[in-house]
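Engineer: Below: one structure in structure tokens.
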Amino acid sequence: MAYPKGYLVSVGGAEDKGTDLEKGSIPQEKLRFFELGILKNIVSLTGKGENAIVEVITTASSIPDEVAANYIDAFGKLGVKTVGHMRIRNREDASKEEYIERLKACDCIMFSGGNQLRISSLFGGTEFLNILKNRYMYGHFVIAGTSAGAMAMSNTMIYEGVASQAHLKGEVKITTGLGLMHNVIIDSHFDKRGRFNRLAQAVAANPGAIGIGLGEDTGVIVTEGYHLKAIGSGSVVIIDGKNIDYNNIADISIGQPISVENIIVHIMSSGDIYNLENRTFEGREIEIEDEG
């Protein structure tokens, strides 16, 4: 089995963009943004530092120019010299030669938040997506996504579902995402918006998939397609349905509450590792000090 050579960075939304630095930040805030922050992790993964070419795709957003400006400013604070905005608003835009060539030339793509259905419906089946997948599979390439941009990465994608009603069958809507990751379902703003039941219902309906709930300013770095490392200031929740015994979702009517027995839940914080292939929580990444 061939594993991807590139990196995915899935973020739960509201990642630190260095805005506190403009208000007279304290050393701890500077450390969090410049050394430990999610955007810093993304830049580091390119291996090119300030010489990295980053392209921001704002397809999901209803305010694309404002969102792009925020990311251009944030990456600029980290010293990145070349940050572009791919203002792709429809399928015709996605096929423009200019954007195809910029996709081939960049080191990192960053999908913004907004509406994940706009991402999947606009890029699905396009040459742009084929090139994106090819670069991720065979090269040193970074694909990052926040909020909707993270949720669209998986093959199975939640596109709608009010958290307060998510315990009822049929309230969680699922479709096909970009297919950069298989056998997972990603949800964002997980803690703040109370989306546990939403992701649990999605996993109950697709127990072969692993649910990944991402808190705000929190994410995972995915290497080789299966190795997850938590980053950021919050929690990552893993929901695994492999040991589900009783599950009534196939037998009840739409609008009735679901029942699920023996679902597995892991909670990860920055530095923790999860293996999607083996479905195992592997604890914290250990740094070995140089004794020489």
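Engineer: Does VAL184 fit the bill of being among the β-branched types (Val, Ile, Thr), under 22 Å from VAL142 (Cα atoms) and touching a residue at least 24 places away in the same chain (Cβ under 8 Å)?
Structural biologist: Numbers: among the β-branched types (Val, Ile, Thr): yes; under 22 Å from VAL142 (Cα atoms): yes; touching a residue at least 24 places away in the same chain (Cβ under 8 Å): yes.
Here the answer is yes, as VAL184 does meet what is asked.
Engineer: Suppose the filter is assigned to a loop (DSSP other than H, G, I, E, B), modelled with pLDDT of 95 or more and either out of contact with any Leu (no Cβ under 9 Å at 6 or more places or on another chain) or buried (at least 20 other Cβ atoms within 10 Å of the Cβ) (or both); does LEU117 pass it?
Structural biologist: Numbers: assigned to a loop (DSSP other than H, G, I, E, B): no; modelled with pLDDT of 95 or more: yes; either out of contact with any Leu (no Cβ under 9 Å at 6 or more places or on another chain) or buried (at least 20 other Cβ atoms within 10 Å of the Cβ) (or both): yes.
Criteria not met by LEU117.
Engineer: For a quick check of your reading of the model, give me the residue pairs whose first member lies in region 199-211 and is closer than 8 Å to ASP240 by Cα, whose second is part of a helix (DSSP H, G or I) and at pLDDT 95 or above, with beta-carbon atoms closer than 8 Å and at least 6 apart or on different chains.
Structural biologist: Sorted first by the residue in region 199-211, then by its partner, the pairs are ALA209/ALA202; ALA209/VAL203; ILE210/VAL203; GLY211/LEU199; GLY211/ALA200; GLY211/ALA202; GLY211/VAL203.
Engineer: Let me ask something additional. I'm checking my understanding of the structure. Among residues of region 120-144 that are in a helix (DSSP H, G or I) and touching a Phe, Trp or Tyr at 6+ places or on another chain (Cβ under 6 Å), which one is surrounded by the fewest Cβ atoms within 10 Å (Cβ to Cβ)? Talk me through it step by step, then tell me what you get.
Structural biologist: Start the filter on region 120-144 by keeping residues that are in a helix (DSSP H, G or I), which leaves 120-123, 127-138.
If we keep only those that are touching a Phe, Trp or Tyr at 6+ places or on another chain (Cβ under 6 Å) as well, we get 129, 135.
Working: LEU129: 19, ARG135: 21.
For region 120-144, the residue satisfying everything is LEU129.
Engineer: Here's a follow-up. Report yes if some residue within region 182-197 is modelled with pLDDT of 95 or more, more than 13 Å from the chain's Cα centre (by Cα) and not in a loop (DSSP other than H, G, I, E, B); otherwise report no.
Structural biologist: Yes, region 182-197 contains a residue that is modelled with pLDDT of 95 or more, more than 13 Å from the chain's Cα centre (by Cα) and not in a loop (DSSP other than H, G, I, E, B).
Engineer: Consider only pairs whose beta carbons are under 8 Å apart and that are at least six residues apart or on different chains; among these, list those whose first residue lies in region 92-108 and is at negative phi and at pLDDT 95 or above and whose second residue is among the acidic types (Asp, Glu) and surrounded by 18 or more Cβ atoms within 10 Å (Cβ to Cβ).
Structural biologist: Matching pairs, first to second residue: ARG102/GLU55; LEU103/GLU55; CYS106/GLU55; CYS108/GLU55.
Engineer: Which number in (1) within 14 Å of GLY213 (Cβ to Cβ); (2) touching a helix residue (DSSP H, G or I) at 6+ places or on another chain (Cβ under 9 Å) marks the one condition that LYS192 misses?
Structural biologist: Every condition holds for LYS192 apart from (2).
Engineer: Please go through region 207-241 and pick out each residue that is assigned to a loop (DSSP other than H, G, I, E, B) and on the phi > 0 side of the Ramachandran plot.
Structural biologist: As a first pass, look at region 207-241 and keep what is assigned to a loop (DSSP other than H, G, I, E, B): 207-209, 215-217, 224-226, 233-235, 241.
Across region 207-241, the qualifying residues are ASP217, GLU224, GLY225.
The values are calculated or read from the model by the stated rules, or taken from the named source; none is laboratory data. Remember, predicted model here, so these are calculated numbers, not experimental data. A quick note on method: Cβ atoms are made from the backbone with ideal geometry, for glycine too, and the neighbour counts reach across all protein chains shown.
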